[in-house]
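The values are calculated or read from the model by the stated rules, or taken from the named source; none is laboratory data. In this text the structure is predicted, and so the values were computed from the model without any measurement. Note: ideal-geometry Cβ built from the backbone for every residue, glycine included; neighbour counts use all protein chains shown.
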Amino acid sequence: MTDRSYTVLLYSDDPQVRERMRSAIGTRPAKDLTVTFVESSTYAETVRTVDDTDVDLLVLDGEATPAGGIGIARQLKDEVSDAPPTILVIARAADRWLAAYARVEATLVHPLDPVLTGRTVAEMLHQRAALTG
């Protein structure tokens, strides 16, 4: 199996949260996947990046302010015909219903578990590869 390279957008208003996301995912979430990160800290920057960059996966902070990842995910799913798959990072497992409202494909809970985070990212990128060929 050959290595595939993917672009993952990390969104949070907090640079420390973005760094924790990056660290939990790592640049090789699976032996056949390499990840490059792009970051955004505002709603406008996130939308612009999705519009202007070939993003394969979004990892959005559900606790970000003033624009939370939940609202951003929902808007992108509503307005972008081929919106990238999305992972929403939430503070409480009980908030998964909000993720369902936002139509995201997966949720993770703060603080991020690196094993679970890497596995979730790898599964979503493998699924994307299977769909896009």
Within the set of pairs 6 or more residues apart or between chains, which connect a residue that is part of a loop (DSSP other than H, G, I, E, B) and buried (at least 17 other Cβ atoms within 10 Å of the Cβ) inside segment 25-54 to a residue that is at pLDDT 95 or above and among the aliphatic types (A, V, I, L, M) with Cβ atoms less than 8 Å apart? P29/V35; P29/V121; P29/A122; P29/L125
For segment 1-24, which residues satisfy the criterion of being free of Cβ contacts under 8 Å to residues at least 12 places away in the same chain and either among the aromatic types (F, W, Y) or farther than 18 Å from P66 by Cβ (or both)? E19
